[in-house]
1. At a Cα cut-off below 16 Å, give the aspartates and glutamates reachable from Lys75, other chains included and same-chain residues fewer than 8 away excluded.
2. Classify region 202-269 from the C-alpha gyration tensor, please: rounded if a/c falls under 1.5, else prolate or oblate depending on whether a/b exceeds b/c.
3. What's the magnitude of the charge dipole for the chain around its Cα centre, counting Lys and Arg as +1 and Asp and Glu as -1 at the beta-carbon? Answer in Debye, nearest 20.
4. Just want the answer: with Cβ charges of +1 for Lys and Arg and -1 for Asp and Glu, which residue in Ala176, Ile146, Gly282 is farthest toward the dipole's positive end in the chain?
5. Once you list every other residue whose beta carbon is under 12 Å from the beta carbon of Ser353, what net charge do they have if Lys and Arg are +1 and Asp and Glu are -1?
6. With an 8 Å Cα cut-off and a minimum separation of 6 or more residues, compute the relative contact order for the chain in percent.
7. Could you state the number of Å between the C-alpha centres of region 318-349 and region 172-237?
8. Which residue, Ile343, Ile67, Ile216, tops the fluctuation ranking in a GNM of the chain built on C-alpha contacts under 10 Å?
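None of the figures in this text is laboratory data; all of them are computed from the coordinates on show. What you see is a predicted model, and the numbers here were worked out from it, not measured in a lab. No Cβ is skipped: glycine too gets one built from the backbone with ideal geometry, and neighbour counts run over all protein chains shown.
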Amino acid sequence: MNTTPHIVLLPGDGIGPEVTRAAHRVLVEAGLHATFDEHPIGWTEWCERGDPLPRETLEAARAADAILMGAITSKPEAEAARELAPRLRDHGLRYRSPIVRLRKELDLYAGLRPARAWRGIPCAHPETNILTVRESTEGLYAGIEIDNVEPDHAALIHYELANLRERTTGRLAISARITTEHASRRIARVAFQQARLRSHQGATPARVTLLEKPNILRSTGSIMLDAARAVASDFPDVTLEIENIDAACMHAVMDPTRYAVVVAENLFGDIFSDLAAGLAGGPGLAPSASIGDRHALFEPVHGSAPDIAGRNIANPIAAILSGAMLARHINQPDVAARIERAISATLASAPASALTPDLKGRGSTTTLTDTILRNLWSNDDKR
Ligand code: ATP
């Protein structure tokens, strides 16, 4: 039986290949016990093959023990159609985000986005240490959108909509927020498990805060509330708090230590995790995991950053930290800890000549990766 975990690398486009290469190098040097292979995904695949998520890539991802992704460019529909190879036009092809499709295909329902401050990196709140657990399959990102609503569509949704249609002229569209008890319960369970784990590790208090808006979004909001309360009864050691998402954004800016693990539906979680990443030092340092019961994908929170792609100045740390999360997921916590120690040492003491421009440095992706590798080796010497 083959017991070596297999990792699929999906570098993507823009700065994706640069930061994935760096993360791969660090994982190998840190001693990750795994095999790797690489598959195409993203904008080039869309332009040249008409599918940003080729079938072979999806199947390879499905067969892997874990996936490490770089970044992918997404553009509005009209622009996507214009950039398609001429021979592929007029075939009714439509661009659909490959990452949204991967999340659906592999049922990666839990987005884990840790945001912590690092010594040596100026940030709004050095005490920030928040894990956002984001429901990733439904909510307002469920993809149920109705453009140009006509009265007969409205009957499916609510009678008030028909009144609205009569009172307004011009475009009217709907993006529906979908919430199920099943998805709400399973995301709440992940949040409580993470809160317990982090408190056992001494990282943060055993506390989950549900971010919702049940006073306005009554139907969907109450499902989230009921699910969190039901799951909380299985975790007597973890406190449940409930806050409105808007108030939580304000409170987090004033005092991020109020939050340890927060759980939220898709859109709220997306917004709050970016806010937390901003409090902790910016997008170049924010990793993420998308977890399901059978599959797991790791990627930096940042996008493909076309403005700096191909210049060897992208900060690779978010991708490298995503690699550390992957190592922990495949049960190699020592590798994860070695990588995190090396990054911590690098950020605390590296000269400006080693750091990338987003960290106010004069260095490159290569100099920063090399410094992390040197710290990896010298930390080992000290042990
Ligand atoms: P997308 O739609 O692909 O998410 P975006 O432009 O909305 O793209 P990002 O690609 O994350 O978002 O870029 C936002 C800004 O942050 C850009 O100015 C980019 O250069 C910068 N940025 C993102 N990632 C990094 C990184 N790893 N290192 C340095 N700068 C980065």
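1. List returned: Asp13, Glu45, Glu48, Asp51, Glu83, Asp307.
2. Values: a/c = 2.38, a/b = 1.10, b/c = 2.17.
Taking the square roots of the gyration eigenvalues as a ≥ b ≥ c, region 202-269 is oblate.
3. In total the dipole reaches around 740 debye.
4. Of Ala176, Ile146, Gly282, it is Gly282.
5. Residues close to Ser353 contribute a combined charge of +1.
6. Details: 784 pairs, mean separation 85.2, N = 383.
Rounded, it is 22 percent for the chain.
7. So the separation of the two Cα centres works out to 27 Å.
8. Of Ile343, Ile67, Ile216, the most mobile in the Gaussian network model is Ile216.
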